[in-house]
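**Student:** Okay, handing you the structure first.
The values are calculated or read from the model by the stated rules, or taken from the named source; none is laboratory data. What you see is a predicted model, and the numbers here were worked out from it, not measured in a lab. Positions of Cβ are generated from backbone atoms using ideal geometry, with glycine treated the same way; all protein chains shown enter the neighbour counts.
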Amino acid sequence: MRRRKLIIYLIIILIPSLFFLIKNNNNEKISTKKENINLEENNEKNEKDEKDEKDEIYSSNIIKDVNFSTKDKKGNEYIIYASQGEIEFSNTNIVYLTEVKGQIKLNNSNIINISSNYGKYNSDNFDTIFSKNVIIKYLDNIITGDYLDLSLIRNLMTISKKVTYKNKGNILKADVVEMNIDTKDTKIFMYEDKKKVNIKTLN
C-alpha cells in the first residue's frame, strides 16, 4: 500500500515537471524560429538597401537637360545642348549625350548649327563626337551623315558615313567632308582613289 502511494506521489510530482519541460522546449523552438525569421528579414532588408544604394549610385551619373559652353580667346563660342547626359565612371570628363544640338558662334561670322541623335563630349578639351542622323547647317549649306568628329583644338570638323553635301546649286555624295571651322575651307573626298565624288547639279 505504501508503495502504491509512493508511486502515485511521484506521478503527481513528475506530471507538472514534464509539462513545464515540454512547454519550455516549445517556447525555445518558437523563439528560435522567430529569431531565424527576423534574421532572414534583416538579410533581405540589407540586400534591398544595398541594391537601392547601387541603383542610386548608378542613376546619379544621369543628367537631364545638359548644357555646356566655352569661349576661346578669339571670342568664338561653342555651345552644346542635350536632353540627357551620362557621365562615364572611369573618366568623368566624358559625357555620353542623347538628342544633341550644338552651335558654333564664330566671331564676326554666321552660326554653324549641328544636331544628332547621340554624342560624346569631352569636357577637358571640348572635343565632341556626334553620331547617328548628323545634320550640319551653315548659311545655305547642309551636310548630313552618321558621324561627326568636332575638334576645337584642331579647328576642324570631319563628317563621315553616308555623307551628303547640299547647297543651292549642287548635291554631292562622298565618304568624307572636312571643314575648317574658322575659314570654312572644305575638302570633299572618297577613301578609295578609284572612287569619285558623286556630284549632281540642281536646275
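**Student:** So Ser123 passes all but one of these: (1) surrounded by 16 or more Cβ atoms within 10 Å (Cβ to Cβ); (2) touching a residue at least 40 places away in the same chain (Cβ under 8 Å); (3) closer than 24 Å to Lys64 by Cα. Which condition number does it fail?
**Tutor:** (1)
**Student:** Out of Ser109, Ser131, Ser160, Ser116, which single residue is touching a Phe, Trp or Tyr at 6+ places or on another chain (Cβ under 7 Å) and either modelled with pLDDT under 95 or more than 26 Å from Asp65 (Cα to Cα) (or both)?
**Tutor:** Working: Ser109 fails: touching a Phe, Trp or Tyr at 6+ places or on another chain (Cβ under 7 Å); Ser131 fails: either modelled with pLDDT under 95 or more than 26 Å from Asp65 (Cα to Cα) (or both); Ser116 fails: either modelled with pLDDT under 95 or more than 26 Å from Asp65 (Cα to Cα) (or both).
Selected residue: Ser160, the only one of Ser109, Ser131, Ser160, Ser116 that is touching a Phe, Trp or Tyr at 6+ places or on another chain (Cβ under 7 Å) and either modelled with pLDDT under 95 or more than 26 Å from Asp65 (Cα to Cα) (or both).
For every residue, the table says whether it meets (1) free of Cβ contacts under 8 Å to residues at least 40 places away in the same chain; (2) closer than 19 Å to Thr183 by Cβ; (3) not assigned by TED's automatic domain parsing to the domain that holds Asn125.
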{"residue": "Ser69", "(1), (2), (3)": "yes, no, no"}
{"residue": "Lys73", "(1), (2), (3)": "yes, yes, no"}
{"residue": "Ile79", "(1), (2), (3)": "yes, no, no"}
{"residue": "Gly85", "(1), (2), (3)": "yes, no, no"}
{"residue": "Glu88", "(1), (2), (3)": "yes, no, no"}
{"residue": "Asn91", "(1), (2), (3)": "yes, no, no"}
{"residue": "Leu97", "(1), (2), (3)": "yes, no, no"}
{"residue": "Lys101", "(1), (2), (3)": "yes, no, no"}
{"residue": "Leu106", "(1), (2), (3)": "no, yes, no"}
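**Student:** Does region 149-160 contain at least one residue that is under 19 Å from Thr98 (Cβ atoms), in the same structural domain as Asn76 (by TED's automatic domain parsing) and within 32 Å of the chain's Cα centre (by Cα)?
**Tutor:** yes
Yes or no, residue by residue, for (1) outside any loop (DSSP other than H, G, I, E, B); (2) farther than 22 Å from Ile153 by Cβ:
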site: Lys64; (1), (2): yes, yes
site: Tyr78; (1), (2): yes, no
site: Glu86; (1), (2): yes, yes
site: Asn108; (1), (2): no, no
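**Student:** Give the residue, chosen from Ile136, Ile142, Ile112, that is surrounded by 20 or more Cβ atoms within 10 Å (Cβ to Cβ), touching a residue at least 12 places away in the same chain (Cβ under 8 Å) and over 25 Å from the mean Cα position of the chain (by Cα). If you could, list the steps in order and put the result at the bottom.
**Tutor:** Details: Ile136 fails: over 25 Å from the mean Cα position of the chain (by Cα); Ile142 fails: surrounded by 20 or more Cβ atoms within 10 Å (Cβ to Cβ).
One residue alone meets the criteria, Ile112.
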